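No lab work stands behind these numbers, since they all come straight from the coordinates. Bear in mind the structure is a predicted one, so any value in this text is a computation, not a measurement. As a convention, Cβ positions derive from the backbone with ideal geometry for all residues, glycine included, and neighbour counts pool all protein chains shown.
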Amino acid sequence: MAEAHNATPEVANIISLLHELFKGNSIVEFLHHNENAFFSGLIIIALAIFARFAARHRAMMPGKWQNFVEMVMESLDNITHGVLGHHGRAFTPFIGTLFIYIFLLNICGIIPGLKAPSSNLNTTVGLAITVFFYVQYTGIKRNGIGGYFFHLLGNPKDITGYCFIPLMFPLHVVEEFIKPMSLSLRLFGNMFGEDALIGVFVSLGIVALSFIGKTPVGIPFQIPFMLLAIITSVIQALVFSMLSTIYIMTMLPHDEEHYKDEVEEREEGVASWP
Amino acid sequence: MNLELQQILTQAFGFIILLILLKKFAWKPLLALLDERRDKIASEFATIERVKTELARLEEDYKARLSDIDAHARLKIQEAVSEGQRIAAELQEKAREDANKTLEKAKANIEIEVAKARAELRSQMTSIAIKAAEKILKEDLNDERHNRLVTGFIENVERVN
């Protein structure tokens with residue numbers, strides 16, 4: 001067991017073990033200080049290699065691995081398309097990558113020797129800031145700079161709308177900044193809580209056997225919470241990516257004619273509702 | 001837990017690199033493959049539908065043709081039967097005529113033969129009568145001898161007949 005700075009119990013990982021063994025070593029100290037970035041980097045490398053492998057060996061008649069990869073990608077594409085309609089395909093890579101990456105960040109928390117980087121606020125803030133800039137970039141790109149500011153003014157259509165500009169503008173600006181904050185805090189809170197819970201129950205398992213002296217293992221009380229963590233990892237990744245999709249949707253131009261067409265398409269069963 | 005700008009930027013930068021890599025190596029090629037496969041399946045379904053329609057049309061066409069062929073064959077058979085009946089009637093008529101001709105010819109031949117036989121008989125009778133007269137004239141006739149000659153003559157005539 002390793003203790004975090006604020007004394008929250010945390011399950012040991014490779015870096016924390018190295019830190020215990022080689023205290024004072026500059027490389028180990030550096031790694032320990034940046035352990036979240038280190039584990040995020042590992043995930044990025046693994047994902048990039050896997051993606052390269054999957055894309056290189058793609059075939060019209062898929063094998064079981066390609067089937068699995070395609071199933072994941074198509075599901076994410078469907079979700080994005082379901083929310084954003086005909087705009088969806090352009091945002092599938094961003095939303096899909098976000099989901100897969102966050103899921104792997106989360107799931108690392110239950111793999112022995114690794115740590116969930118998403119249980120660190122720096123990681124979730126980094127991701128939320130990326131989403132924030134991507135959403136603003138999308139808004140400017142799709143609406144134009146004038147349309148973007150018009151959106152921030154609350155899309156006024158009549159005199160009442162224009163009267164509310166002094167209220168709506170600061171409200172929208174604050175809302176845009178609150179969005180990444182809520183995203184990052186939600187993910188961090190859930191994953192940190194989950195890791196802390198697992199850490200506490202690992203400690204409890206060790207303490208439960210302390211009456212027979214020093215034991216190499218404890219009672220694995222944390223197993224039910226690890227199973228729960230699998231579900232939480234998926235849900236939190238989905239929540240983060242779905243909210244990001246919705247933030248993008250709010251920035252897209254509201255073409256009423258197109259919306260009508262889309263509603264008709266969905267009612268006819270050509271497209272599915274999100 | 002402190003916020004560190006360096007770590008935040010590292011995480012954001014890491015994600016952007018991952019996004020670029022996945023977009024290039026996974027999302028674009030694999031989504032393109034999915035679209036290609038979807039289009040291919042759609043086009044193959046369209047082709048199957050087209051072929052099915054064409055097959056149905058051909059089946060109807062063949063059925064119509066078979067029906068025509070059937071009717072044509074029935075007509076041909078009827079024509080052949082009529083022709084056969086006509087030929088049979090002609091042959092029968094001809095055979096009848098031939099038989100009549102043969103019969104007529106046979107009758108004529110018989111009459112000729114009968115006439116010839118009668119003429120020959122008459123000639124033989126004349127010759128016999130002459131011979132008998134010669135014998136009577138050459139020999140001395142008595143009643144008994146006379147009777148025997150006449151009886152012999154009569155027997156000869158009967159045998160000839």
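Restricting attention to region A:56-87, which residues are crowded, with 18+ Cβ neighbours inside 10 Å and acidic (Asp, Glu)?
A:70, A:77
Any residue at all in region A:55-68 that is within 13 Å of another protein chain (Cβ to nearest Cβ) and in contact (Cβ under 8 Å) with a residue 40 or more places away in the chain?
no
When both residues are 6+ apart or on different chains and their Cβ atoms are under 7 Å apart, which pairs have a first residue that lies in region B:25-41 and is facing another protein chain (nearest Cβ under 9 Å), and a second that is basic (Lys, Arg) and assigned to a helix (DSSP H, G or I)?
Close Cβ pairs (under 7 Å, with a partner that is basic (Lys, Arg) and assigned to a helix (DSSP H, G or I)) amount to B:25/A:52.
If you scan region B:100-154, which residues turn out to be in a helix (DSSP H, G or I), surrounded by 10 or more Cβ atoms within 10 Å (Cβ to Cβ) and acidic (Asp, Glu)?
B:104, B:111, B:113, B:120, B:134
Give region A:112-127 a look and list any residue that's more than 9 Å from every other protein chain (Cβ to nearest Cβ) and either under 20 Å from residue A:238 (Cβ atoms) or among the polar types (S, T, N, Q) (or both), or say none.
Those that are more than 9 Å from every other protein chain (Cβ to nearest Cβ) and either under 20 Å from residue A:238 (Cβ atoms) or among the polar types (S, T, N, Q) (or both): A:116, A:118, A:119.
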